[in-house]
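One structure follows; several queries about it will come next.
The values are calculated or read from the model by the stated rules, or taken from the named source; none is laboratory data. Nothing here was measured: the structure is a model prediction, and the numbers come from that model. For neighbour counting, all protein chains shown are included, and Cβ atoms are generated from backbone atoms with ideal geometry for every residue, glycine included. Surface areas here come from the heavy atoms of the whole protein model, side chains and all, with no ligands, DNA or RNA. Shrake-Rupley method; radii C 1.70, N 1.55, O 1.52, S 1.80 Å.
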Amino acid sequence: MDDSDWSFASYDVYGNYTHVNWSTVTTVSNVTISVDHRIRAISAVMCSLSIMGSLAIILSYILIKDIRSKARELLVHLSIMDLTFSGANLIGIILPYDRYIFHEASGTVRDNFLWACKTQAVLAVYGTIGSFLWTLGLAVYLYYRIVSGNMKLTKRVVRVLYVVCYILPLYVALWLLMTDHYGYPLDEEYSGGWCTLLAGSNAPESERFDLELLIFMVDDIWILSTFIAMVPIYLIVHCQVRSERWI
């Protein structure tokens, strides 16, 4: 196993030329693994901030009774999903998957890291899909609560949200695990250092399109559908609120 030195061109305070590297290229069993430590550092900071924000929302809801409401309760569930996603990815950044999963010597350590990799990927995908579903669910709740004003119907909608936003992401995440679509990407194009859905970078040319289509159908589609659905919902809610102010 060969590791390159970290380097990039720069000058010190005395004007001397230096060469510093922020990336590592590792070759194991004829497999080249590129790791950009700047991307990992930035990802770790963003994950940590997300974790702190999610914990602040959850703890404030638990400790301060005066701010409890159904809308804040839904926000707590959204924060739980964000906490799951960010925590899983932070663990993926910390664990040295690239060092042990592709090591030439197979054994207990490698198998443990491989299972840790897949478990972390399951939690990350579960948190990602759940986060977008709860974001959309919060918008749907506000629509029924403010626009329709039907409390019985709103309560039924909330019950449906609990089922959809927790069960559907779990089903998708476990299905991907059973079909062996999780792993560590060989380059940083698809990951910041954590395990995730294996996309085209690890696949033969003949299978690359099918895998990228799968990524879109089980991951990106939730992002697009959330943004597309939220815009008209919040516009309707905004117009309803403004009209009530002028009554």
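What residue, among those in region 58-85 that are polar (S, T, N, Q) and surrounded by fewer than 17 Cβ atoms within 10 Å (Cβ to Cβ), is nearest to residue 142 (Cα to Cα)? Steps first, please.
First, the residues of region 58-85 that are polar (S, T, N, Q): 60, 69, 79, 84.
Adding the requirement that they be surrounded by fewer than 17 Cβ atoms within 10 Å (Cβ to Cβ) leaves 60, 69.
Numbers: 60: 21, 69: 12 Å.
Taking the candidates together, the pick is 69.
Let me ask something else. State all residues of region 121-162 that are under 30 Å from residue 182 (Cα atoms) and of a type in the set (Gly, Ala, Ser); if no residue qualifies, say none. Show your work before the answer.
Kept after step one, since they are under 30 Å from residue 182 (Cα atoms), are these residues of region 121-162: 121-138, 160-162.
121, 124, 127, 130, 131, 137 - these are the residues of region 121-162 that are under 30 Å from residue 182 (Cα atoms) and of a type in the set (Gly, Ala, Ser).
Taking residue 90, is it open to solvent by less than 50 Å² (accessible area, probe 1.4 Å), farther than 30 Å from residue 140 by Cα, modelled with pLDDT of 85 or more and of a type in the set (A, V, I, L, M)?
Here the answer is yes, as residue 90 does meet what is asked.
Right, next: What are the residue pairs meeting all of these: first residue in region 75-97, first residue closer than 13 Å to residue 120 by Cα, second residue of a type in the set (D, E, K, R), Cβ atoms under 8 Å, and 6 or more apart or on different chains?
93/40
Could you run through region 132-179 and say how many residues are outside any helix (DSSP H, G or I) and more than 29 Å from residue 195 (Cα to Cα)?
2
Could I ask something else about it? Can you find a residue that is open to solvent by less than 50 Å² (accessible area, probe 1.4 Å), at pLDDT 70 or above and over 18 Å from the mean Cα position of the chain (by Cα) anywhere in region 158-180?
Within region 158-180, one or more residues are open to solvent by less than 50 Å² (accessible area, probe 1.4 Å), at pLDDT 70 or above and over 18 Å from the mean Cα position of the chain (by Cα).
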